[in-house]
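The structure under discussion appears below in the form of structure tokens.
None of the figures in this text is laboratory data; all of them are computed from the coordinates on show. Everything quoted here is computed from the prediction, not taken from an experiment. Here the Cβ is made from the backbone with ideal geometry for all residues, glycine too, and neighbour counts use every protein chain on show.
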Amino acid sequence: MLIRKKISDYLVFETESILKALSKINENKKRIVFVVSEDGRLCGSFTDGDFRRWITATDGFDLTQPVSSVMYESVAFRKVTDTNTQIETEFSHAIDIVPLVDDYQRLVAIAFRREKGITVGSFLIDDNSPCFIIAEIGNNHNGDIGLAKHLVDLAVESGANCVKFQMRDLNSLYKSGNDKDVSADLGAQYTMDLLGKFQLSNKEMIEVFDYVKTKELTPLCTPWDLRSLEVLEDYGMEAYKVASADFTNLELLSELANTAKPLICSTGMSTEAEIKASSEFLRSRGVQYVVLHCNSTYPTPFKDVNLAYLPRLKKICSTVVGYSGHERGFSVPIAAVTLGAKVIEKHFTIDKELEGNDHKVSLLPHEFKSMVVQIRQVEEAIGEEVARKVTQGEMINREALAKSLIASSVIEKGQVITRELVEVKSPGQGLQPIYLDKLLGRRALKSFKPGDFFYESDLKDESVSARSYSFNRPFGIPVRYHDYTVLAAKSNLDFVEFHLSYQDIELDIDNFFDGSQEINFAVHSPELFSGDHIMDLASANTEYRVRSINELSRVCEITRSLKHYFPKTDRPIVVINAGGATGDGFVESDKKLAMYELIAKSLYEVNQNGIEIVIQTMPPFPWHFGGQRYHNLFVNAKEIVDFCSKYGYRICYDVSHSMMSCNYYNWDLSDFTKKVGPFAAHIHIVDALGIDGEGVEIGKGDVNFDELVRDLNSFAPGIQFIPEVWQGHKNDGEGFWKALEFLEGSFACV
């Protein structure tokens with residue numbers, strides 16, 4: 001429970017209007033206000049639910065009426081003198097705010113149900129949040145305000161969520177005041193000597209705090225004494241850091257509690273009994289706080305860190321935990337994140353050799369940046385404690401590396417499948433061997449020849465088969481040379497899209513076609529060529545880019561050759577992934593324009609006579625044959641529109657790719673479609689899941705197909721499409737026929 005002394009945001013007088021009460025509800029964002037009389041007595045409550053009920057039951061409602069006419073009078077309340085346990089009995093699934101009154105029924109405070117975690121600026125720190133990373137500048141500015149601001153800049157560039165300082169009033173803090181204490185131990189004398197030389201004035205500190213805010217971060221500061229706390233309160237500090245040295249200082253903790261600000265508390269030098277006592281004290285005062293595991297040794301020996309204490313600390317304090325480290329390097333903070341640390345604090349400096357013991361345990365800017373990057377990687381890798389699923393990348397590799405159940409000899413339709421009719425062999429494109437017992441004894445739903453794969457549908461009583469379909473635009477399916485004849489004959493396709501591999505471009509197409517075909521065609525260029533060459537028309541390596549141009553030129557020549565067998569297609573489309581992916585992270589935005597210009601320059605060097613090259617929209621994390629990369633180009637709708645408008649190209653709108661982009665960047669797919677639809681020459685309609693679940697079965701992912709079809713009819717009418725379901729060609733195109741069945745229903749409903 002958190003008790004807030006400021007109640008004005010939750011209070012209206014009974015004579016004030018309903019409109020005024022609604023305004024207060026909008027401001028406090030808690031959907032409730034409490035109604036009091038002119039002398040402050042609690043009269044009732046008014047919620048947005050009360051307003052809805054009133055407005056639906058009232059003819060000619062008047063928002064200028066007094067709120068007392070519509071308030072709920074039987075509001076639950078407690079005495080401000082009640083214990084936390086007594087107050088908490090009023091909370092329920094529907095009530096998380098309780099008014100507290102004095103002996104005269106006057107509203108004097110409000111109790112809120114405690115939520116684990118705190119908010120610092122705009123950053124919510126709780127058990128589900130990303131790690132809040134603090135660059136502890138402390139006194140590493142060595143009394144130089146210019147250096148302090150420079151350190152702020154470097155901390156921001158390094159990825160810190162917060163920069164923290166310390167404020168001391170030496171006269172209040174030390175028994176000798178500002179004078180040297182000749183009786184003090186050597187350690188204390190050394191510390192006082194450093195502070196005397198390297199303190200910034202309060203005015204300078206406030207100037208630095210203001211500078212932090214210009215960087216769109218919230219400053220944090222540790223007050224070492226009550227006088228410093230007064231200065232920080234006058235400034236309006238939003239949260240406080242409690243030093244390890246003060247976690248047992250109940251006088252300071254009490255004054256910090258009185259501020260009603262969230263606290264981040266280090267526990268170095270404290271026993272477990274002291275940690276429990278201070279934590280219970282903060283809870284009793286309704287403080288929202290986080291505790292940091294810490295060892296106050298400079299530097300801390302690794303053997304003394306004891307990260308295993310983090311889960312125990314979380315249990316005994318019943319709050320969010322973090323880690324404040326003074327050891328060398330940054331491997332320990334990264335490990336702390338895996339044990340649940342949601343706050344990481346590390347000292348920050350530009351030179352570890354500067355005077356002062358904090359510099360020696362600090363990270364340099366490049367080290368801090370590396371720590372931040374690796375913490376974010378680890379957070380992403382931690383995942384969730386849920387049932388294991390095979391990832392998209394694993395599925396790709398399972399296809400190549402795993403084993404399948406295949407027919408060892410001819411099997412007739414209706415024949416019982418016995419063990420001698422089944423073999424286990426690579427690749428893993430079919431039914432996994434673990435399902436052998438489920439397969440045996442079943443009757444074959446179709447005929448098999450030796451080497452044919454069994455599939456999941458062979459474990460069912462019925463199989464999906466192709467039929468004729470009806471759409472308001474040309475439709476087709478992806479094919480390869482070797483399966484074109486079989487798959488194209490199964491339905492009334494308007495066209496096929498040949499997906500070429502780098503080995504396919506070496507084949508003699510005359511071996512696959514017999515005379516003119518009564519169907520249109522398109523080509524999807526390989527993105528991988530021999531020697532692990534991934535097409536990249538934006539490569540800064542001239543030799544690499546020239547090879548990409550040459551490989552694409554070969555694909556275009558093959559496409560022109562295919563026109564001999566597909567004379568209905570006057571100007572076939574060649575779909576390409578133009579390149580622009582990187583291996584270690586996204587490129588900076590200001591570098592992308594030059595990459596787009598390189599692609600345009602590269603395409604200009606390709607012989608496009610008689611064909612149209614269209615560039616596929618891309619996801620942020622494309623899969624390249626079992627590995628994942630970062631894609632920078634043709635991901636953003638505005639950039640796509642700008643490129644097409646400037647250079648005169650059209651696109652292949654890949655819905656799965658763009659859905660993943662929308663999921664990652666929090667864009668709206670409908671808005672994306674409206675922007676790029678007018679530039680589409682070809683469409684891949686397929687579903688997606690999350691930020692890298694590509695080509696999943698249509699209807700099983702995140703795409704709203706009713707909305708998509710409506711937008712395509714409005715902004716890309718008549719444009720041809722294929723259902724590019726991953727591995728849809730398996731089992732005689734089963735995935736494609738299921739997708740077309742689904743899509744036919746969606747198009748028919750719009």
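Within the shell defined by Cβ-Cβ distances under 14 Å, the residues around residue 281 carry a net charge of -2, with Lys and Arg each +1 and Asp and Glu each -1. In a simple Cβ point-charge model (Lys, Arg +1; Asp, Glu -1; nothing else charged), segment 2-112 has a dipole of about 360 debye relative to its Cα centre. Can you tell me the orientation of helix 18-28 relative to the chain, as the angle in degrees between its alpha-carbon axis and the longest Cα principal axis, to the nearest 10? Between helix and principal axis, roughly 80 degrees.
Normalised by 2.2 N^0.38 Å, with N the number of residues, the alpha-carbon radius of gyration of segment 1-152 equals 1.40. Of all lysines in the structure, those lying under 24 Å Cα to Cα from residue 490, and not within fewer than 8 positions of it along the same chain, are 413, 446, 449, 460, 563, 568, 730, 738. For segment 615-750, the square roots a ≥ b ≥ c of the C-alpha gyration tensor eigenvalues yield an a/c of 1.5 or more together with a/b not exceeding b/c, which makes the shape oblate. Were the residues from residue 61 through residue 471 laid out at 0.36 nm apart, the gain over their Cα-Cα distance would be 142.5 nm.
Where in segment 568-586 is the amide nitrogen less than 19 Å from a point lying 7 Å along the Cα-to-Cβ axis of residue 549? 576-581, by backbone N distance to the label point. In a fully extended conformation the segment linking residue 23 and residue 604 would gain 203.2 nm over its present Cα-Cα distance, using 0.36 nm per residue.
Think of segment 11-55 as having a plus end and a minus end, set by charges on the Cβ of Lys, Arg, Asp and Glu; of 17, 44, 55, 55 sits farthest toward the positive end of this dipole. I'm spelling it out carefully: the read-out is P(r) over Cα pairs in 20 Å bins from 0, in percent, the candidates are (i) 13, 32, 31, 20, 3, 0; (ii) 15, 41, 26, 14, 4, 0; (iii) 16, 47, 31, 6, 0, and one was derived from this structure. Which label? Comparing each candidate, only (i) matches the computed number. Close amide-amide hydrogen proximity is noted between residue 517 and 566, each under 5 Å apart and 5 or more residues distant or on a separate chain (H modeled in the peptide plane; Pro and chain starts excluded). In the chain, Cα pairs under 8 Å separated by at least six residues give a relative contact order of 7 percent.
For every other residue with a beta carbon closer than 10 angstrom to the beta carbon of residue 169, add +1 if it is Lys or Arg and -1 if Asp or Glu, then tell me the sum. My count for the surroundings of residue 169 gives 0.
Classification of segment 392-459 by its C-alpha gyration tensor yields a prolate form. The axis ratio a/c (a ≥ b ≥ c) is 1.5 or more, and a/b outweighs b/c. The listed peptides 690-696, 407-413, ordered by packing as a protection proxy, come out as 690-696, 407-413 (highest mean of other Cβ atoms within 10 Å first).
Separation of segment 288-336 and segment 40-86, taken as the distance between their Cα centroids, equals 46 angstrom.
Mind pulling the angle between the C-alpha long axis of helix 272-284 and the longest principal axis of the chain? Nearest 10 degrees, somewhere in 0 to 90. Here the helix axis deviates by roughly 90 degrees.
Assuming a ≥ b ≥ c are the square roots of the Cα gyration tensor eigenvalues, decide whether segment 121-382 counts as rounded (a/c under 1.5), prolate (otherwise, with a/b larger than b/c) or oblate. Because its axes are fairly even, with a/c under 1.5, segment 121-382 counts as rounded. Using only side-chain charges placed at the Cβ, +1 for Lys and Arg and -1 for Asp and Glu, the dipole size of segment 339-467 relative to its Cα centre rounds to 780 debye.
The lysines whose alpha-carbon is closer than 30 Å to the alpha-carbon of residue 315, local same-chain residues fewer than 8 away aside, are 5, 30, 116, 164, 241, 261, 276, 303, 342, 346.
Between the Cα long axis of helix 705-715 and the first principal axis of the chain there is an angle of about 70°, rounded to the nearest 10. Summing Lys and Arg as +1 and Asp and Glu as -1 over all other residues whose Cβ lies under 14 Å from the Cβ of residue 303 gives a net charge of -1. Peptide packing for 376-383, 145-152 was compared via the average number of neighbouring C-beta atoms within 10 Å per residue; ordered from the highest value, the list is 145-152, 376-383.
On full extension, the segment bounded by residue 419 and residue 102 gains 105.9 nm, given 0.36 nm per residue less the C-alpha separation.
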